[in-house]
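Take a look at the structure set out below.
The values are calculated or read from the model by the stated rules, or taken from the named source; none is laboratory data. What you see is a predicted model; the values in this text were computed from it and never measured. Glycine gets a Cβ as well: all are built from the backbone with ideal geometry, and neighbour counts include every protein chain shown. Ligands, DNA and RNA are stripped out before the accessible areas are found, and what is left, the full protein with its side chains, is counted by its heavy atoms. Shrake-Rupley method; radii C 1.70, N 1.55, O 1.52, S 1.80 Å.
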Amino acid sequence: MRPIEKRAEPPELAAWRASGNADWQPSYADLRQPLKGSVRGSLLAEQGHVCCYCERRVEADDGSHIEHLVPQSVRDDLALDFDNMLCSCSSRVHCGHARGDQELPVHPLQSDCSEVFDFGSDGSISPRPDVRPAAAERTMVVLGLNAEPLRERRRRAIDDFLTTMAEEPPASWSARAKALLGLDRTGRFLPHATAVAKLIQRITHTQ
């Protein structure tokens, strides 16, 4: 999980939301294509085309879905609020679908969300003992962040980095890993970059 900085909402969403009248008021259930696709595209752009929770690669046509940080069942009045929207991957065993309507103690609109987790070389995730461990543990359970398919994706990302860096001295790994956190030329983040960077930085700090 990495922090997401919300941008301005798509103007077409604002215009549609303001188009209600005495006989009809817009609701999330009424949000249809192509407007819904435009909203999701805006969410993907601000997230660098990775899932808001697990950082798996997400594209517009892969079954990803609009996620409400505050669930519609809790605050229906926020269902069309762009600041309450994220984009989650299509997995049924982790992230948005696994979460349902459960509260998230740690979420990507918190600036320190990436600081509460540690990662293992096997792709596992765990709470940092010194930064909100109870909140991190609960969030991991709610989102299924240690689901086997997700652990395997993170493990492969870590292994790919270590293979690439095999000929480089370990002293250079930390800087290279940190550089992975930036956007590429297409405005995309590297999938699972937070897991790679945090693990490599921990390894180099202990050497």
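Taking the conditions exactly as written (among the β-branched types (Val, Ile, Thr), at pLDDT 95 or above and over 25 Å from VAL39 (Cα atoms)), does THR163 satisfy them or not?
Numbers: among the β-branched types (Val, Ile, Thr): yes; at pLDDT 95 or above: no; over 25 Å from VAL39 (Cα atoms): yes.
Considered against the rule, which asks whether it is among the β-branched types (Val, Ile, Thr), at pLDDT 95 or above and over 25 Å from VAL39 (Cα atoms), THR163 comes out as no.
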statement: The condition from (1) in contact with a Ser or Thr (Cβ under 6 Å, 6 or more places away or on another chain); (2) modelled with pLDDT of 95 or more; (3) open to solvent by 30 Å² or more (accessible area, probe 1.4 Å); (4) of a type outside the set (Asp, Glu) that CYS52 misses is numbered (3)
- request: Mind listing whichever residues of region 9-42 are surrounded by 10 or more Cβ atoms within 10 Å (Cβ to Cβ), part of a loop (DSSP other than H, G, I, E, B) and not polar (S, T, N, Q)?
  value: GLU9, PRO10, GLY20, PRO26, LEU31
Flag for LEU190 being at pLDDT below 90 and either small (Gly, Ala, Ser) or within 24 Å of ARG57 (Cβ to Cβ) (or both): no
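Answer with yes or no whether ASP159 is assigned to a helix (DSSP H, G or I) and without any contact (Cβ under 8 Å) to a residue 12 or more places away in the chain.
yes
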statement: Per the filter on region 136-161, residues farther than 17 Å from CYS51 by Cβ and either under 17 Å from the mean Cα position of the chain (by Cα) or surrounded by fewer than 17 Cβ atoms within 10 Å (Cβ to Cβ) (or both) are ALA136, GLU137, ARG138, VAL141, ASP159, ASP160
- request: Quick one: in region 165-186, of everything that is open to solvent by less than 60 Å² (accessible area, probe 1.4 Å) and part of a helix (DSSP H, G or I), which residue is farthest from HIS49 (Cα to Cα)?
  value: PRO170
